[in-house]
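Asker: Sharing a structure here in structure tokens format.
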Amino acid sequence: MNRKLWGGRFRKRTDPLLEAFSRSLSFDRRLFQADVAAGRAHAEALAAAGHLTAGEMRRLTEALGEIGEDIASGRLGTGGDHEDIHSLVLDELVRRTGEAGKKLHAGRSRNDLVSLDTRLYLREAAGSLRAALADLQEALVSKGEEYADLIFPGLTHTQHAQLVLFPHHCLAYVEMLERDKGRFADASARADVMPAGSAAMAGSSLGLDVRLLASRLGFGSVCANSMDAVSDRDFVIEFLGACAIAGMHLSRLCEELVWWSSSEIGFVRLDEAYCTGSSFLPQKLNPDSAELIRGKTGRLYGNLVAVLTVMKGLPLTYNRDMQEDKEPLFDSAETLAAALPLLAGVVRTLVVDRSAVERALAGDCSAASDLAEYLVARGIPFREAHDLVGALVRDCLRRGRGLEDLTLEDLRRYSAVFAADALGLLTPEGSLRAKTTYGSTAPAQVKRSLRRWRRKLGRRSEG
Ligand code: ARG
């Protein structure tokens, strides 16, 4: 049994049930890099304040570096019976450096240390998730470029509403993912405040230079209140919120992929490499990648709600309940980190069946709103135009015809305002070209947006 960091005042052994119940090493070992970095910076601050000699500081810094490398390579295992990663690193440091190692924990507590480590972890995770989101954006832009001229049904209520360009649909997700990147940047910025020096909760008397600590660890600023510093977990909650929202976006995209690849719709084919089969139905090619990503969103929401609930009603300052922030945090970060490149692969390799899309558009009356706007532009009040085109659509449907089958004479039976140029709207291309608002699906707009995103995201990556 390893010596406990807090064993001094205890005479009895901890009940093994509590020991097992409270141990966090199996998951907080993910903080080892952060813990080592925090330890090295702390050694420097202790030396600067005169509590370590230069030689002791060097030994501690070196040994901490080695401990980090040994954990990374597996030479130093993390499967043992230490309470948490902080205890493991400190214990190992004392084993390797003796007296000097025993001095490192001066002026700090695991309360400020765990907050520091978690902030460092989160900053790193937010950075890689932003890069992974950018890569998924790139995959969507590439797919949009590949099918730049494909006209696609735009839906509301899952009913055909207006025609759009396929890249317009892809770019809608690119915009969502851009906001997700922004949310991770925000979460990271909020966590970019250094809590060390707060010790257990009220601060330390050892004259530590917290600015030095912040600059060594790359923090923009220092926590202004030691009680807040050790009890704040809203930065974790914000990160989990960003994960949940990003997961919601991925889930919507996945739902569309599942639906588009369904036997009924058949707009897209997911690459075999991203599908699995059935143990019973030999013919099956199931979109499990998209389904699983859609399903994983459940745990991203659950993790957010779990930490919100843990924190609700906790008195200041640190309470052990707060250890329960770790598994949700790691789980969300890792779930998204696994889902994003997988989905990028799915998108890069998917094939759109142009003729299935074309078949679906036949006779769908998607140009109805264009006809109504045609009348508005020529002085008819919109409500009247809406009624008039509504009647026109009803008659078409009754006769089993599409709007595209109408002649000028047909149109003029409903309004004398219709002239030959109205027929142009009844072709899919004409319907798209008629749009003039910024951000619309007008081909010139979509082309500009594709070019803008391509410039922003960099060159096409090999898919
Ligand atoms: N494993 C703990 C956590 O994650 C570290 C802090 C423990 N502090 C304490 N005083 N028991 O919160």
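Residues are listed down the side, and each one gets a yes or a no for (1) on the phi < 0 side of the Ramachandran plot; (2) more than 24 Å from the chain's Cα centre (by Cα); (3) touching a residue at least 12 places away in the same chain (Cβ under 8 Å):
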residue: E404; (1), (2), (3): yes, yes, yes
residue: E409; (1), (2), (3): yes, yes, no
residue: Q445; (1), (2), (3): yes, yes, no
residue: L450; (1), (2), (3): yes, no, yes
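Asker: Kindly list the number of the only condition in (1) in a loop (DSSP other than H, G, I, E, B); (2) in contact with an Asp or Glu (Cβ under 7 Å, 6 or more places away or on another chain); (3) of a type in the set (A, V, I, L, M, F, W, C); (4) away from the ligand (no atom under 16 Å from the Cβ) that fails for V258.
Answerer: Every condition holds for V258 apart from (1).
Asker: If a residue must be under 25 Å from A200 (Cα atoms) and more than 16 Å from the ligand (Cβ to nearest atom), how many such residues does the stretch 69-96 contain?
Answerer: Summing the residues that are under 25 Å from A200 (Cα atoms) and more than 16 Å from the ligand (Cβ to nearest atom) in the stretch 69-96 gives 4.
Asker: Determine whether the stretch 108-125 contains at least one residue that is in a helix (DSSP H, G or I), hydrophobic (A, V, I, L, M, F, W, C) and away from the ligand (no atom under 16 Å from the Cβ). Reasoning before the result, please.
Answerer: First, the residues of the stretch 108-125 that are in a helix (DSSP H, G or I): 110-125.
Those still in the list that are hydrophobic (A, V, I, L, M, F, W, C) too: 113-114, 116, 120, 122, 125.
Narrowing further to those that are away from the ligand (no atom under 16 Å from the Cβ): 125.
Within the stretch 108-125 (the criterion being in a helix (DSSP H, G or I), hydrophobic (A, V, I, L, M, F, W, C) and away from the ligand (no atom under 16 Å from the Cβ)), the answer is yes, since at least one residue qualifies.
Asker: Looking at (1) crowded, with 19+ Cβ neighbours inside 10 Å; (2) in contact (Cβ under 8 Å) with a residue 60 or more places away in the chain; (3) among the aliphatic types (A, V, I, L, M), can you tell me which one I67 breaks?
Answerer: The failed condition is (2).
Asker: Evaluate the stretch 433-449: report whether one residue or more is buried (at least 19 other Cβ atoms within 10 Å of the Cβ), assigned to a helix (DSSP H, G or I), of a type outside the set (K, R) and out of contact with any His (no Cβ under 9 Å at 6 or more places or on another chain).
Answerer: no
Asker: Within the stretch 249-290, track down each residue that is crowded, with 17+ Cβ neighbours inside 10 Å and touching a Lys or Arg at 6+ places or on another chain (Cβ under 6 Å).
Answerer: Correct list: S251, C254.
Asker: So L90 ticks every box in (1) crowded, with 19+ Cβ neighbours inside 10 Å; (2) assigned to a helix (DSSP H, G or I); (3) in contact with a helix residue (DSSP H, G or I) (Cβ under 6 Å, 6 or more places away or on another chain) but one. Which box is left unticked?
Answerer: (3)
Asker: Only residues that are surrounded by fewer than 17 Cβ atoms within 10 Å (Cβ to Cβ), within 12 Å of the ligand (Cβ to nearest atom) and not in a helix (DSSP H, G or I): list them for the stretch 315-363, please.
Answerer: Listed by number, the list holds a single entry, N319.
Asker: Being crowded, with 21+ Cβ neighbours inside 10 Å, polar (S, T, N, Q), more than 20 Å from S109 (Cα to Cα) and in contact (Cβ under 8 Å) with a residue 40 or more places away in the chain is true for just one of S198, S188. Which residue is that?
Answerer: Numbers: S198 fails: more than 20 Å from S109 (Cα to Cα).
The conditions single out S188.
Asker: Output the number of residues of the stretch 293-327 satisfying the condition of being of a type in the set (V, I, T) and closer than 18 Å to D228 by Cβ.
Answerer: 3
Each row is one residue, and each column tells you yes or no for (1) within 29 Å of the chain's Cα centre (by Cα); (2) not hydrophobic (A, V, I, L, M, F, W, C).
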{"site": "F10", "(1), (2)": "no, no"}
{"site": "L31", "(1), (2)": "yes, no"}
{"site": "D35", "(1), (2)": "yes, yes"}
{"site": "L46", "(1), (2)": "no, no"}
{"site": "T53", "(1), (2)": "no, yes"}
{"site": "A63", "(1), (2)": "no, no"}
{"site": "L76", "(1), (2)": "no, no"}
{"site": "H86", "(1), (2)": "yes, yes"}
{"site": "L90", "(1), (2)": "no, no"}
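Asker: Select the helices (runs of 4 or more DSSP H) contained entirely in the stretch 1-55, then report the ones holding at least 1 residues which are more than 13 Å from the ligand (Cβ to nearest atom) and either in contact (Cβ under 8 Å) with a residue 12 or more places away in the chain or within 28 Å of L122 (Cα to Cα) (or both).
Answerer: Output list reads 16-22, 32-48.
None of the figures in this text is laboratory data; all of them are computed from the coordinates on show. Since this is a predicted model, take the numbers as computed values, not measurements. Reconstructed Cβ throughout: ideal geometry from the backbone, glycine too, with neighbour counts over all protein chains shown.
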